[in-house]
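Before any comments, here is the structure.
The values are calculated or read from the model by the stated rules, or taken from the named source; none is laboratory data. Everything numeric here is computed off the predicted structure, so don't read it as measured data. Because the Cβ atoms are built from the backbone with ideal geometry, glycine has one as well, and the counts that use them run over all protein chains shown. These accessible areas exclude ligands, DNA and RNA; they are computed on the full protein's heavy atoms, side chains included. Shrake-Rupley method; radii C 1.70, N 1.55, O 1.52, S 1.80 Å.
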Amino acid sequence: MMMIFAVLGIFDFLRGEDEGESLEKYLRKLEDLLEEEFDTLVRIAGFYAEEGDTREALDYLERAYRVASEMNDEELMAFALDSMGDVYLSDRKVKTAMEYFMEALRIYTSVNSPLRADLREKIKEVEKIREAMDIASINRLREESESGMPEVDLEVIEPLLNRLVDSVQSLTLYEAGSYEDSISQIMEAYQIARDIGDTSTEASLQLLLGLYSLKNEDFDESRRYLKKAEALFRKTNNELGLAVALVLLGTLDFIRNNADGVASSFRAAVEILQKLDEKELESVTLELLNTLYSF
């Protein structure tokens, strides 16, 4: 009984002397405190961002996002995501920045926020930045080509190429004793697929022939196989196969110092993989591109 009275006494104390105080008043007070916390966290993140401390800036913005989520304030949640995009953009991580901007725009639009117009303009500007970076990469590749690009070490990129090709449905790498044996087996399977009208398997085997020819440094033959695979994948609407064929064609373009071909093939492949939500294969593709540039 004494415990009950003690608890009641606590509530009396919390109720205070002002009988006019209400639950709504305290809820408003709590909301004000959360808004102040959100504002403080965003300002601290801004200070860290100005100092170039990306990790701390993102940490405080993530905390701000959680506060906005606790308040169930979607506009503030979008603002936090928008700000995170700014931090990633300042760190030249344009792709990640765009992901945050697009999610923020989705929320701004859903709540009819006036901030959506400004964000749309920002996204347009970021697209221009990305295009400029692509052009810079192409120009750098051209300069390297003119000065003599280092020879590509096929053994280094082979595991990445294998992972990409092996991801295509119903396709596995042949483990034969020699290049000639591998090609012979694939050609036999290809002829059977062609005879029975299995266009999907035919396309995959053309891709495999292109891979093996590339490994054997028969680049002209590899391109012929890969171009046939590309056409068949388009015909059968096999977007994953098409993306992998484009990556291999882009690799050949790199070896042949075709800067425009590298840019267009890899860009198209990444766009397809993003649409398919193939994050792992997208990562392998970008790793391959970075590896090529490292030679």
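Among the candidates Glu282, Glu287, the residue that is surrounded by fewer than 19 Cβ atoms within 10 Å (Cβ to Cβ) and within 16 Å of the chain's Cα centre (by Cα) is uniquely Glu287. Residues in the stretch 208-260 that are out of contact with any Leu (no Cβ under 7 Å at 6 or more places or on another chain) and hydrophobic (A, V, I, L, M, F, W, C): Leu209, Ala231, Leu232, Leu242, Leu246, Ile255.
The one condition from (1) at pLDDT 80 or above; (2) under 28 Å from the mean Cα position of the chain (by Cα) that Leu171 does not meet is (1). For the stretch 95-123, filtering for residues that are closer than 18 Å to Leu61 by Cβ, surrounded by 15 or more Cβ atoms within 10 Å (Cβ to Cβ) and of a type in the set (A, V, I, L, M, F, W, C) leaves 8. Can you find even one residue in the stretch 86-104 that is touching a residue at least 12 places away in the same chain (Cβ under 8 Å) and within 30 Å of Lys29 (Cβ to Cβ)? Checked against the condition, which is being touching a residue at least 12 places away in the same chain (Cβ under 8 Å) and within 30 Å of Lys29 (Cβ to Cβ), the stretch 86-104 yields at least one hit. Of the helices (runs of 4 or more DSSP H) entirely within the stretch 174-264, those holding at least 1 residues that are modelled with pLDDT under 90 and crowded, with 17+ Cβ neighbours inside 10 Å occupy 179-195, 199-215, 239-255. Evaluate the following for Ala269: is it under 27 Å from Met187 (Cα atoms), open to solvent by less than 10 Å² (accessible area, probe 1.4 Å) and either modelled with pLDDT of 95 or more or part of a helix (DSSP H, G or I) (or both)? Against the criterion (under 27 Å from Met187 (Cα atoms), open to solvent by less than 10 Å² (accessible area, probe 1.4 Å) and either modelled with pLDDT of 95 or more or part of a helix (DSSP H, G or I) (or both)), Ala269 qualifies.
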